[in-house]
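Structure first, then comments.
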Amino acid sequence: MIGKISTGKSFRGCLNYLHEGRLQQSKALQEIEQEKKQAQVICFNQCFGNKKELIQQFNEVRYLNPKLSKPVLHASLSFAHSDQLSNQDKIDIGKQMAKDFGFENNQYVVIEHADRQHQHLHIVANRVGYDAKTVSDSNNYKRIANFCRSIEKKHQLEQVLSPRKFLSKEERMLPRQDIRKEALKEVIAKFLKQSTTMKEFQNKITAKGYEIELGRGIAFTDAQVVRFKGSQVGYPLLKIENQLALNKKQQQEQQQQPSMAQQLREVIQQQKQQEQLKQKEEEQQIKQSGGFRL
């Protein structure tokens, strides 16, 4: 059993990702991904409803502690191929994690995905409780490892220490993070073209389930807690800033173009008026000369 855990800023981004998959794909691929993913909420705690309703409920409670920047707790639990758990087993494991991590009285959902050969779950919890207190994220990586070992013993599951055990022999020969890198590169390229400021770019990226770290450089972390520096995917901070500046300049130039076109239309209109006036003068002269052009 392999466990991963992270904290994030957006319930919308996290739940959208878990329900719908990578939305940066083409429409046809999205439909295939959605069909494969088969996301199903198998346990609700202190919340209810569809995805939209859950997002609203989680956000209403998170603002009981408005200073907390990362109210989302997201854990994924992957089981070995040989492990076959019942629906009740999965619910019990979700509840046990909530108890062990201190959010059993908070809002959380347990989501099952059926897009892999091995069983796996996602648990999304609100770190902010109804009492406005916040669940600690201290030592989460160590705690999730200990939790996995205890669940393996309790449910007599196969002990899995390496995620590579979930891969086929052929898949193990491939670079492990190439698919994630390519997906991230596509997302960055798409939204970098559509943005003119860093804030706008960040909002678009985080809406797709990625977290951004900004400092002397830039880094991206996906919903599965895989982190890449911008330079690792061909987009260091300087390159992103330069492209945003270029986009802004081009946008300003495009906004100025209508005014230039208007000026050109006014000049043409003036020329037509002058021609019409000249034509009228000539016609008047003809009339005055008895029908002969002077």
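Every read-out reported here was derived from the displayed coordinates using simple, explicitly stated rules and does not represent laboratory data. Just so it is clear, the structure is predicted and the values come from calculations on it, not from any experiment. Neighbour counts run over all protein chains shown; Cβ positions are idealised from the backbone, glycine included.
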Problem - Dipole of segment 193-294, positive direction: furthest Cα of 247, 270, 217, with charges on the beta-carbon - result: 217
Completion exercise
Along segment 237-253, Karplus-curve 3J(HN,Hα) (6.51, -1.76, 1.60; θ = phi - 60°) to the nearest Hz, with x for Gly and Pro, reads 4, 4, 5, 5, 4, 5, 5, 4, 5, 5, 4, 5, 4, 5, 5, 5, 5
Practice task
Step through the residues of segment 263-276 one at a time and calculate ³J(HN,Hα) from phi using the Karplus curve (6.51 cos²θ - 1.76 cosθ + 1.60, θ = phi - 60°), rounding each to whole Hz and writing x for Gly and Pro.
Solution key: 4, 5, 5, 5, 5, 4, 4, 5, 4, 5, 4, 5, 5, 4
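So how much slack lies between residue 278 and residue 266, counting 0.36 nm per residue of separation and subtracting their Cα-Cα distance, in nm? Please report the intermediate quantities before stating the final value.
On the way: separation 12, 0.36 × 12 = 4.32 nm, distance 1.83 nm.
Answer, rounded to one decimal: 2.5 nm.
Using r as the Cβ-Cβ distance of residue 156 and residue 117, and R0 as 22 Å, what FRET efficiency do you calculate, to the nearest 0.05? Show your work: numbers first, answer last.
Working: r = 20 Å, r/R0 = 0.93.
Computed FRET efficiency for residue 156 and residue 117 comes out at 0.60.
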Practice task
For segment 49-61, take each phi angle, set θ = phi - 60°, evaluate the Karplus expression 6.51 cos²θ - 1.76 cosθ + 1.60, and give the result in whole Hz per residue in order, putting x for glycine and proline.
Solution key: x, 7, 4, 4, 5, 5, 4, 4, 5, 4, 5, 4, 7
